[in-house]
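Let me begin by presenting the structure, written as C-alpha coordinates, before commenting on it.
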Amino acid sequence: MDTKPGPEGLYAEADGVNYHYTRMGSGAPTIFLHGGGPGCTAWTDFAAVAPMFARDRDCFLVDILQYGRSAKCVITGPMWDFHAAKTVALMDVLEIGRADLVCNSWGGTIALNLAAKYPERVRSLVVTGSMPVFYGPLAPLPEGGRRGRNARDAYYGGTGPTWEKMRDLVARLEWYDAGALPEETVTLRYEQSLDPEEMALAASSDNPRGDWQDLTEELGRVVAPVLFAWGMHDAFLTPDYPLMLARMVPRGHLYVMDYASHHLQEERPHDFYSVVTGFLNQRHDD
(Lines give C-alpha, C1' and ligand atoms only; values in the text may rest on other atoms or scores of the structure.)
Protein backbone atom coordinates (compact mmCIF):
# COMPACT_ATOMS: atom_id res chain seq x y z
CA MET A 1 0.00 0.00 0.00
CA ASP A 2 1.49 3.31 -1.09
CA THR A 3 1.72 6.18 1.38
CA LYS A 4 0.61 9.44 -0.18
CA PRO A 5 1.36 12.87 1.32
CA GLY A 6 -0.85 13.45 4.33
CA PRO A 7 -3.50 16.08 4.94
CA GLU A 8 -2.56 19.48 6.33
CA GLY A 9 -3.59 18.40 9.81
CA LEU A 10 -4.18 20.46 12.91
CA TYR A 11 -2.12 22.12 15.64
CA ALA A 12 -2.57 22.36 19.39
CA GLU A 13 -0.46 24.06 22.04
CA ALA A 14 -0.06 21.91 25.13
CA ASP A 15 1.95 22.95 28.18
CA GLY A 16 4.16 25.30 26.19
CA VAL A 17 4.85 23.12 23.15
CA ASN A 18 3.10 22.93 19.80
CA TYR A 19 1.84 19.57 18.54
CA HIS A 20 0.81 18.68 15.01
CA TYR A 21 -1.75 15.92 14.54
CA THR A 22 -4.17 14.50 12.01
CA ARG A 23 -7.69 13.58 13.10
CA MET A 24 -10.04 11.24 11.28
CA GLY A 25 -13.11 9.13 12.00
CA SER A 26 -15.43 9.08 15.00
CA GLY A 27 -16.01 6.81 17.94
CA ALA A 28 -13.70 5.65 20.72
CA PRO A 29 -10.70 8.01 21.08
CA THR A 30 -7.54 6.33 19.81
CA ILE A 31 -4.10 7.96 19.80
CA PHE A 32 -1.37 6.81 17.41
CA LEU A 33 2.27 7.50 18.37
CA HIS A 34 4.97 6.79 15.79
CA GLY A 35 8.57 5.62 15.92
CA GLY A 36 11.83 7.53 16.20
CA GLY A 37 13.55 6.80 12.90
CA PRO A 38 14.80 9.63 10.69
CA GLY A 39 11.90 11.33 8.91
CA CYS A 40 9.22 9.42 10.82
CA THR A 41 5.86 11.11 11.37
CA ALA A 42 2.47 9.86 12.46
CA TRP A 43 1.41 9.87 8.82
CA THR A 44 4.40 7.94 7.46
CA ASP A 45 3.97 5.28 10.14
CA PHE A 46 0.18 4.92 10.24
CA ALA A 47 -1.34 6.20 6.98
CA ALA A 48 -1.76 2.64 5.73
CA VAL A 49 -3.95 1.59 8.66
CA ALA A 50 -5.53 4.77 10.02
CA PRO A 51 -8.47 4.79 7.55
CA MET A 52 -9.39 1.28 8.68
CA PHE A 53 -9.43 2.25 12.35
CA ALA A 54 -11.30 5.47 11.50
CA ARG A 55 -14.34 3.44 10.43
CA ASP A 56 -15.43 3.27 14.06
CA ARG A 57 -12.79 5.20 16.04
CA ASP A 58 -11.85 8.83 16.61
CA CYS A 59 -8.22 8.62 15.48
CA PHE A 60 -5.54 11.13 16.49
CA LEU A 61 -2.29 10.63 14.56
CA VAL A 62 0.19 12.66 16.61
CA ASP A 63 3.66 13.79 15.55
CA ILE A 64 5.71 13.27 18.69
CA LEU A 65 7.89 16.17 19.81
CA GLN A 66 11.06 16.70 17.74
CA TYR A 67 9.44 15.01 14.73
CA GLY A 68 7.20 15.96 11.84
CA ARG A 69 5.52 19.32 12.24
CA SER A 70 5.49 19.25 16.03
CA ALA A 71 7.82 21.46 18.08
CA LYS A 72 11.54 20.71 17.82
CA CYS A 73 12.08 21.58 21.46
CA VAL A 74 15.20 20.59 23.38
CA ILE A 75 14.38 18.02 26.06
CA THR A 76 16.14 18.09 29.41
CA GLY A 77 15.83 15.51 32.17
CA PRO A 78 14.33 12.02 31.77
CA MET A 79 13.10 11.78 28.19
CA TRP A 80 10.17 9.40 28.59
CA ASP A 81 8.82 11.38 31.56
CA PHE A 82 8.95 14.54 29.44
CA HIS A 83 7.11 12.94 26.50
CA ALA A 84 4.48 11.31 28.72
CA ALA A 85 3.68 14.54 30.56
CA LYS A 86 3.42 16.55 27.34
CA THR A 87 1.23 13.88 25.71
CA VAL A 88 -1.14 14.02 28.68
CA ALA A 89 -1.19 17.81 28.35
CA LEU A 90 -2.15 17.36 24.69
CA MET A 91 -4.95 15.00 25.71
CA ASP A 92 -6.21 17.68 28.09
CA VAL A 93 -6.26 20.31 25.34
CA LEU A 94 -8.04 17.92 22.96
CA GLU A 95 -10.49 16.98 25.74
CA ILE A 96 -9.55 13.31 25.61
CA GLY A 97 -10.12 11.97 29.08
CA ARG A 98 -9.13 8.37 28.37
CA ALA A 99 -7.92 6.69 25.21
CA ASP A 100 -6.61 3.57 23.56
CA LEU A 101 -3.04 4.01 22.30
CA VAL A 102 -1.58 2.31 19.23
CA CYS A 103 2.16 2.85 19.05
CA ASN A 104 5.35 1.96 17.22
CA SER A 105 8.89 1.91 18.62
CA TRP A 106 9.61 5.22 20.44
CA GLY A 107 5.89 5.95 20.61
CA GLY A 108 5.30 2.67 22.44
CA THR A 109 7.88 3.48 25.10
CA ILE A 110 6.26 6.87 25.60
CA ALA A 111 2.86 5.18 25.94
CA LEU A 112 4.07 2.58 28.45
CA ASN A 113 5.52 5.29 30.66
CA LEU A 114 2.35 7.34 30.28
CA ALA A 115 0.23 4.35 31.30
CA ALA A 116 2.40 3.81 34.38
CA LYS A 117 2.41 7.46 35.49
CA TYR A 118 -1.15 8.41 34.45
CA PRO A 119 -3.11 5.13 34.59
CA GLU A 120 -6.51 6.82 34.55
CA ARG A 121 -5.81 8.19 31.04
CA VAL A 122 -5.23 4.87 29.29
CA ARG A 123 -7.81 2.20 28.46
CA SER A 124 -5.50 -0.15 26.55
CA LEU A 125 -2.17 -0.16 24.72
CA VAL A 126 -0.80 -1.72 21.56
CA VAL A 127 2.99 -1.61 21.43
CA THR A 128 5.18 -2.63 18.48
CA GLY A 129 8.97 -2.73 18.36
CA SER A 130 9.61 -0.65 21.51
CA MET A 131 12.55 -0.92 23.90
CA PRO A 132 11.50 0.23 27.39
CA VAL A 133 14.21 -1.79 29.17
CA PHE A 134 17.86 -2.22 28.24
CA TYR A 135 18.28 -5.97 28.58
CA GLY A 136 16.92 -9.15 27.03
CA PRO A 137 16.23 -12.63 28.35
CA LEU A 138 18.23 -14.71 25.88
CA ALA A 139 20.88 -12.53 24.29
CA PRO A 140 22.38 -9.03 24.51
CA LEU A 141 20.42 -6.41 22.63
CA PRO A 142 21.88 -5.65 19.18
CA GLU A 143 24.73 -3.14 19.37
CA GLY A 144 24.05 -2.68 23.08
CA GLY A 145 20.57 -1.38 22.36
CA ARG A 146 21.98 1.44 20.25
CA ARG A 147 21.15 0.15 16.77
CA GLY A 148 18.55 2.85 16.15
CA ARG A 149 20.79 5.66 17.36
CA ASN A 150 23.73 4.29 15.37
CA ALA A 151 21.56 4.13 12.24
CA ARG A 152 20.45 7.74 12.75
CA ASP A 153 24.05 8.88 13.19
CA ALA A 154 25.12 7.06 10.03
CA TYR A 155 22.18 8.48 8.06
CA TYR A 156 22.92 12.08 8.98
CA GLY A 157 26.70 11.64 9.03
CA GLY A 158 29.23 11.48 6.24
CA THR A 159 27.86 13.18 3.13
CA GLY A 160 24.51 13.73 4.86
CA PRO A 161 21.02 12.43 4.09
CA THR A 162 20.19 11.03 0.67
CA TRP A 163 17.18 9.23 -0.76
CA GLU A 164 19.32 6.13 -1.25
CA LYS A 165 20.52 6.14 2.36
CA MET A 166 16.93 6.45 3.56
CA ARG A 167 15.82 3.51 1.45
CA ASP A 168 18.70 1.40 2.73
CA LEU A 169 17.90 2.30 6.35
CA VAL A 170 14.18 1.45 6.08
CA ALA A 171 14.76 -1.68 4.00
CA ARG A 172 17.47 -2.99 6.31
CA LEU A 173 15.97 -2.19 9.70
CA GLU A 174 12.22 -1.66 9.37
CA TRP A 175 10.80 -3.85 6.58
CA TYR A 176 11.01 -7.62 6.14
CA ASP A 177 10.52 -7.53 2.35
CA ALA A 178 12.63 -4.71 0.94
CA GLY A 179 11.11 -5.28 -2.49
CA ALA A 180 7.67 -4.29 -1.15
CA LEU A 181 8.85 -0.96 0.27
CA PRO A 182 6.96 1.81 -1.61
CA GLU A 183 9.09 4.55 -3.13
CA GLU A 184 6.52 7.07 -1.88
CA THR A 185 7.20 6.06 1.72
CA VAL A 186 10.94 6.50 1.25
CA THR A 187 10.39 9.89 -0.36
CA LEU A 188 8.16 11.15 2.47
CA ARG A 189 10.65 10.00 5.09
CA TYR A 190 13.58 11.48 3.17
CA GLU A 191 11.91 14.85 2.60
CA GLN A 192 10.92 15.11 6.26
CA SER A 193 14.44 14.20 7.37
CA LEU A 194 15.71 17.32 5.58
CA ASP A 195 13.73 19.59 7.90
CA PRO A 196 16.34 22.11 9.12
CA GLU A 197 15.31 21.76 12.76
CA GLU A 198 15.46 17.96 12.63
CA MET A 199 18.91 18.15 11.02
CA ALA A 200 20.06 20.55 13.74
CA LEU A 201 18.88 18.11 16.42
CA ALA A 202 20.71 15.27 14.70
CA ALA A 203 23.92 17.33 14.50
CA SER A 204 23.79 18.60 18.09
CA SER A 205 26.76 17.58 20.20
CA ASP A 206 24.82 17.71 23.46
CA ASN A 207 21.81 15.57 24.33
CA PRO A 208 18.75 17.40 22.96
CA ARG A 209 16.54 14.32 23.24
CA GLY A 210 16.80 14.09 27.02
CA ASP A 211 18.25 11.48 29.35
CA TRP A 212 17.52 7.86 28.50
CA GLN A 213 15.37 5.99 31.00
CA ASP A 214 15.01 2.31 31.77
CA LEU A 215 11.33 1.62 32.57
CA THR A 216 11.70 -1.65 34.49
CA GLU A 217 10.01 -0.30 37.61
CA GLU A 218 7.29 1.47 35.61
CA LEU A 219 6.18 -1.63 33.69
CA GLY A 220 4.86 -3.28 36.83
CA ARG A 221 2.58 -0.28 37.39
CA VAL A 222 0.87 -0.44 33.98
CA VAL A 223 -2.64 -1.54 34.90
CA ALA A 224 -4.10 -1.22 31.38
CA PRO A 225 -4.01 -4.33 29.19
CA VAL A 226 -1.11 -4.27 26.74
CA LEU A 227 -0.83 -6.10 23.43
CA PHE A 228 2.78 -6.41 22.32
CA ALA A 229 2.45 -6.93 18.56
CA TRP A 230 5.83 -7.94 17.14
CA GLY A 231 7.44 -8.86 13.87
CA MET A 232 9.02 -12.29 13.79
CA HIS A 233 12.01 -10.73 12.02
CA ASP A 234 12.30 -7.44 13.93
CA ALA A 235 15.82 -6.15 13.27
CA PHE A 236 16.09 -4.53 16.70
CA LEU A 237 14.54 -6.97 19.16
CA THR A 238 13.72 -10.65 18.65
CA PRO A 239 10.34 -12.01 19.88
CA ASP A 240 11.79 -13.31 23.15
CA TYR A 241 12.10 -9.66 24.21
CA PRO A 242 8.38 -8.74 24.01
CA LEU A 243 7.53 -12.05 25.69
CA MET A 244 9.60 -10.81 28.61
CA LEU A 245 7.76 -7.47 28.50
CA ALA A 246 4.37 -9.20 28.41
CA ARG A 247 5.28 -10.96 31.64
CA MET A 248 6.50 -7.74 33.26
CA VAL A 249 3.18 -5.90 32.90
CA PRO A 250 0.21 -7.22 34.90
CA ARG A 251 -2.05 -7.68 31.85
CA GLY A 252 0.33 -8.49 29.01
CA HIS A 253 -0.51 -10.15 25.69
CA LEU A 254 1.83 -11.09 22.84
CA TYR A 255 1.20 -11.54 19.13
CA VAL A 256 4.04 -12.34 16.74
CA MET A 257 3.47 -11.73 13.02
CA ASP A 258 5.33 -13.76 10.41
CA TYR A 259 6.92 -12.11 7.36
CA ALA A 260 7.24 -8.80 9.19
CA SER A 261 10.00 -6.78 10.81
CA HIS A 262 9.75 -3.46 12.70
CA HIS A 263 6.80 -1.75 10.96
CA LEU A 264 3.96 -4.27 10.97
CA GLN A 265 1.35 -1.59 10.43
CA GLU A 266 2.99 -0.58 7.14
CA GLU A 267 4.20 -3.97 5.97
CA ARG A 268 0.92 -5.84 6.52
CA PRO A 269 -1.72 -3.20 7.27
CA HIS A 270 -4.83 -5.34 6.85
CA ASP A 271 -3.47 -8.10 9.08
CA PHE A 272 -2.26 -5.56 11.64
CA TYR A 273 -5.68 -3.92 11.72
CA SER A 274 -7.47 -7.26 12.13
CA VAL A 275 -5.36 -8.30 15.11
CA VAL A 276 -5.27 -4.90 16.81
CA THR A 277 -8.92 -3.97 16.40
CA GLY A 278 -9.91 -7.33 17.86
CA PHE A 279 -7.80 -6.59 20.92
CA LEU A 280 -9.04 -3.01 21.27
CA ASN A 281 -12.67 -4.10 21.05
CA GLN A 282 -12.37 -6.48 23.99
CA ARG A 283 -14.16 -5.43 27.20
CA HIS A 284 -11.00 -4.39 28.99
CA ASP A 285 -12.82 -2.71 31.85
CA ASP A 286 -14.33 -5.95 33.12
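Annotations
- Percent carbon-and-sulfur accessible area, the chain, ignoring ligands, DNA and RNA, probe 1.4 Å: 52 percent
- For the chain, a/c is less than 1.5, where a ≥ b ≥ c are the root eigenvalues of the C-alpha gyration tensor. That puts it in the rounded class.
- Area accessible to solvent at residue 4, 1.4 Å probe radius, in Å²: 110 Å²
- Longest DSSP-loop-exposure-free segment, GluC sites (Glu not before Pro), the chain, at most 12 other Cβ within 10 Å: 96-286
- Centre separation in Å (Cα based) which lies between segment 27-59 and segment 181-224: 16 Å
- Checking every one of the chymotrypsin sites (Phe, Trp or Tyr not before Pro) in segment 128-212 against DSSP loop status and a limit of 16 other Cβ atoms within 10 Å picks out 134, 135, 212.
- Charge dipole magnitude, Cβ of K and R +1, D and E -1 - the chain, Cα centre, debye nearest 20: 360 debye
- In the full protein context, segment 50-147 carries 32 Å² of accessible surface per residue, based on a 1.4 Å probe and ignoring ligands, DNA and RNA.
- The distance separating the Cα centre of segment 2-22 from that of segment 70-136 comes to 16 Å.
- Partner lysines for residue 165 [C-alpha distance under 26 Å; skip if fewer than 8 residues away on the same chain]: 4, 72
- Accessible heavy-atom area order of 240, 234, highest first, probe of 1.4 Å: 240, 234
- Ranking 193, 253, 179 by how far each Cα lies toward the positive end of the dipole of segment 134-286 (charges on Cβ) leaves 253 at the top.
- Cα gyration tensor category, rounded, prolate or oblate, for segment 156-286 with a/c compared to 1.5: oblate
- Residue-by-residue Karplus 3J(HN,Hα) for segment 81-98, coefficients 6.51, -1.76, 1.60, Hz, glycine and proline x: 5, 4, 4, 5, 5, 5, 5, 5, 4, 5, 4, 4, 5, 7, 6, 9, x, 8
- Structure-based [θ]222 nm, the chain - -39500 (n - 2.57) summed over DSSP H runs of at least 4, per residue, nearest 500: -10000 deg cm²/dmol
- Rounded to 5, the percent of DSSP beta bridges in the chain classed as antiparallel: 25 percent
- Loop-resident sites, segment 198-286, for trypsin sites (Lys or Arg not before Pro), counting at most 15 other Cβ within 10 Å (DSSP): 221, 251, 283
- Three-way shape call for segment 178-228 based on the alpha-carbon gyration tensor, with the a/c threshold at 1.5: oblate
- Extreme residue, positive dipole direction of the chain, given options 148, 202, 160 (C-beta unit charges): 148
The values are calculated or read from the model by the stated rules, or taken from the named source; none is laboratory data. All values derive from a computational prediction rather than experimental measurement. Glycine gets a Cβ as well: all are built from the backbone with ideal geometry, and neighbour counts include every protein chain shown. Ligands, DNA and RNA are excluded from the accessible area calculation, which covers all protein heavy atoms including side chains. Shrake-Rupley method; radii C 1.70, N 1.55, O 1.52, S 1.80 Å.
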